[in-house]
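Undergrad: Here's a structure for you.
What follows draws every value from the coordinates through simple rules; no lab data is involved. The structure displayed is predicted, hence computed values, not measured ones. All Cβ positions, even for glycine, are placed from backbone atoms using ideal geometry, and neighbour counts span all protein chains on display.
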Amino acid sequence: MRLLIVGPQGAGKGTQAELLAEAVGVPHISTGDIFRNLNASTETGRQAKHYMETGALVPDELTQQLLADRLAEPDTSPGFLLDGFPRNTPQAQWLATLLQGREQAIDFVILLSAPDDVLIDRMAARGRADDTTEAIGRRLAIYHEETKPLIGFYGDLVRHVDGVGTVDEVHRRVVDAIAGAGRTPAPHG
Ligand code: AMP
């Protein structure tokens with residue numbers, strides 16, 4: 001099974017991605033984790049760190065190059081769960097082309113959402129080094145402007161999941177969403 005999980009920061013995307021990947025038995029591939037694990041003393045590592053700290057997206061080309069390397073590893077042949085990719089339409093188009101070349105397709109796109117005020121409270125509470133007020137605001141704006149249009153790009157593959165609740169509650173919703181058929185209504189704008 002090939003899955004994407006999309007959502008704003010603070011929606012619990014990373015936690016839910018880990019649980020879902022484990023439940024489905026596919027590798028959890030987070031582009032944010034790939035960037036965080038880069039050696040900060042290399043040029044690539046320095047670049048990524050700079051973009052992440054300001055809340056901007058890392059340039060598509062660099063992101064895609066790192067992801068292509070990861071997707072070339074043999075553990076992805078039964079499937080994968082991408083967490084945090086694609087973040088915009090050009091990345092989605094790039095992924096579609098890459099998968100076409102492998103004669104593969106995405107099965108479902110989980111869209112995890114929560115109201116902006118809940119997201120802002122959660123991000124402020126987690127206190128990560130790259131979570132300055134400016135960076136939080138910028139990431140949320142990018143999400144609304146660049147990432148949300150992916151809902152249209154993926155159409156019927158999208159499963160809307162309400163990210164408000166306990167980790168277990170939301171996990172159950174995510175599992176139900178990919179088990180059930182048909183589109184689901186968006187709980188939050
Ligand atoms: P995340 O862990 O998904 O919240 O990502 C943390 C940061 O890594 C983001 O704020 C971006 O700077 C960068 N990042 C992660 N995924 C992508 C992506 N697909 N495209 C561009 N930048 C990304």
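Undergrad: So, in the range 65-95, how many residues would count as being of a type in the set (Gly, Ala, Ser) and surrounded by 15 or more Cβ atoms within 10 Å (Cβ to Cβ)?
TA: First, pick out the residues of the range 65-95 that are of a type in the set (Gly, Ala, Ser): 68, 72, 77, 79, 84, 92.
With the extra rule that they be surrounded by 15 or more Cβ atoms within 10 Å (Cβ to Cβ), the set shrinks to 79, 84, 92.
Residues that pass the stated criteria total 3.
So that you can scan it fast, the table gives a plain yes or no per residue for (1) assigned to a loop (DSSP other than H, G, I, E, B); (2) under 19 Å from ILE29 (Cα atoms); (3) in contact with a strand residue (DSSP E or B) (Cβ under 8 Å, 6 or more places away or on another chain):
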| site | (1), (2), (3) |
| --- | --- |
| LEU99 | no, yes, yes |
| ILE106 | yes, yes, yes |
| ASP117 | no, no, no |
| ASP121 | no, no, no |
| GLY137 | no, no, no |
| ALA141 | no, no, no |
| GLU169 | no, no, no |
| ALA177 | no, no, yes |
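Undergrad: Does ALA11 satisfy the condition of being within 11 Å of the ligand (Cβ to nearest atom), over 10 Å from the mean Cα position of the chain (by Cα), over 18 Å from LEU67 (Cβ atoms) and surrounded by 20 or more Cβ atoms within 10 Å (Cβ to Cβ)?
TA: On the way: within 11 Å of the ligand (Cβ to nearest atom): yes; over 10 Å from the mean Cα position of the chain (by Cα): yes; over 18 Å from LEU67 (Cβ atoms): yes; surrounded by 20 or more Cβ atoms within 10 Å (Cβ to Cβ): yes.
For ALA11, the condition - within 11 Å of the ligand (Cβ to nearest atom), over 10 Å from the mean Cα position of the chain (by Cα), over 18 Å from LEU67 (Cβ atoms) and surrounded by 20 or more Cβ atoms within 10 Å (Cβ to Cβ) - is met.
Undergrad: Kindly check whether there is at least one residue in the range 39-48 that is surrounded by 12 or more Cβ atoms within 10 Å (Cβ to Cβ), closer than 16 Å to ALA129 by Cβ and within 13 Å of the ligand (Cβ to nearest atom).
TA: Yes: the range 39-48 contains one or more residues that are surrounded by 12 or more Cβ atoms within 10 Å (Cβ to Cβ), closer than 16 Å to ALA129 by Cβ and within 13 Å of the ligand (Cβ to nearest atom).
Undergrad: Being basic (Lys, Arg), within 16 Å of the ligand (Cβ to nearest atom) and under 22 Å from LEU157 (Cα atoms) is the filter here; which residues of the range 56-111 pass it?
TA: Within the range 56-111, just ARG87 meets the criteria.
Undergrad: Please specify each residue of the range 19-53 satisfying the condition of being part of a helix (DSSP H, G or I), in contact (Cβ under 8 Å) with a residue 40 or more places away in the chain and more than 23 Å from THR89 (Cα to Cα).
TA: If the condition is that a residue be part of a helix (DSSP H, G or I), in contact (Cβ under 8 Å) with a residue 40 or more places away in the chain and more than 23 Å from THR89 (Cα to Cα), then LEU19, LEU20, ALA21, ALA23, VAL24 are the ones that fit.
Undergrad: When the residues of the range 55-64 are filtered to those that are assigned to a helix (DSSP H, G or I) and out of contact with any Ser or Thr (no Cβ under 9 Å at 6 or more places or on another chain), which remaining residue is surrounded by the most Cβ atoms within 10 Å (Cβ to Cβ)?
TA: GLN64
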